[in-house]
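Here, each number is a calculation from the coordinates, and none is a lab measurement. What you see is a predicted model, and the numbers here were worked out from it, not measured in a lab. Using ideal geometry, Cβ is built from the backbone for each residue, glycine included, and neighbour counts are taken over all protein chains shown.
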Amino acid sequence: MVDELAEGVESIFLGGFVTPQVRAGIGNTFPVIYGSTFVRDKSGNIVVVDNPGAWNHGFPQMGEPGVIGEASPDFILNGTTAFTYKSVSLSAVFEWNKADTCILDQMDCSTCTACPLLLKTESQPLSTTE
């Protein structure tokens with residue numbers, strides 16, 4: 001967690017010349033993915049453009065730039081082992097990391113490993129503007 005930066009600095013740009021970017025920001029884990037967010041209604045649903053004649057009809061409405069995900073796992077567990085018998089050696093390495101937040105958290109990813117752009121339409125339905 002980033003506790004403080006130089007006076008007057010809210011975040012430090014670490015990489016990515018366009019959105020998304022990698023940044024270090026006060027109150028966030030290090031590093032975070034920073035980019036365009038989506039407008040959400042009072043229930044937290046993504047608001048989509050409701051203009052049947054427009055090229056972007058049904059697309060999410062773009063919101064203000066902000067943190068859209070984390071680049072670091074919650075934890076990393078690893079270990080090694082080795083076994084030798086006479087002239088034969090066997091070794092193994094194990095590593096597992098755990099992260100609850102999809103990198104594209106703004107998209108309401110249902111699973112980061114299968115399809116990071118798959119929307120949770122059942123639990124997080126999209127809504128339209130009036």
Which Cα, out of Gln21, Pro52, Asn78, lies furthest along the positive dipole direction of the stretch 1-83 (beta carbon charges, K/R +1, D/E -1)? Pro52
For Val22 and Val47, FRET efficiency with R0 = 30 Å and r from the beta-carbon atoms, rounded to 0.05? 0.65
Within the stretch 20-89, DSSP-loop chymotrypsin sites (Phe, Trp or Tyr not before Pro) with at most 13 other C-beta atoms within 10 Å are Trp55
Explain nothing, just compute: Karplus ³J(HN,Hα) = 6.51 cos²θ - 1.76 cosθ + 1.60, θ = phi - 60°, for every residue of the stretch 69-77 in order, whole Hz, x for Gly and Pro. x, 10, 9, 9, x, 5, 7, 10, 10
Can you list the trypsin sites (Lys or Arg not before Pro) in the stretch 1-95 that are in a DSSP coil and have 12 or fewer other beta carbons within 10 angstrom? Lys42, Lys86
Taking H as built 1.01 Å from N, whose amide H comes closer than 5 Å to the amide H of Val48, not counting residues under 5 places away? Gln61, Ser127, Thr128, Thr129
Tell me, what is the percent relative contact order of the stretch 1-90, built from C-alpha pairs under 8 Å that lie six or more residues apart? 22 percent
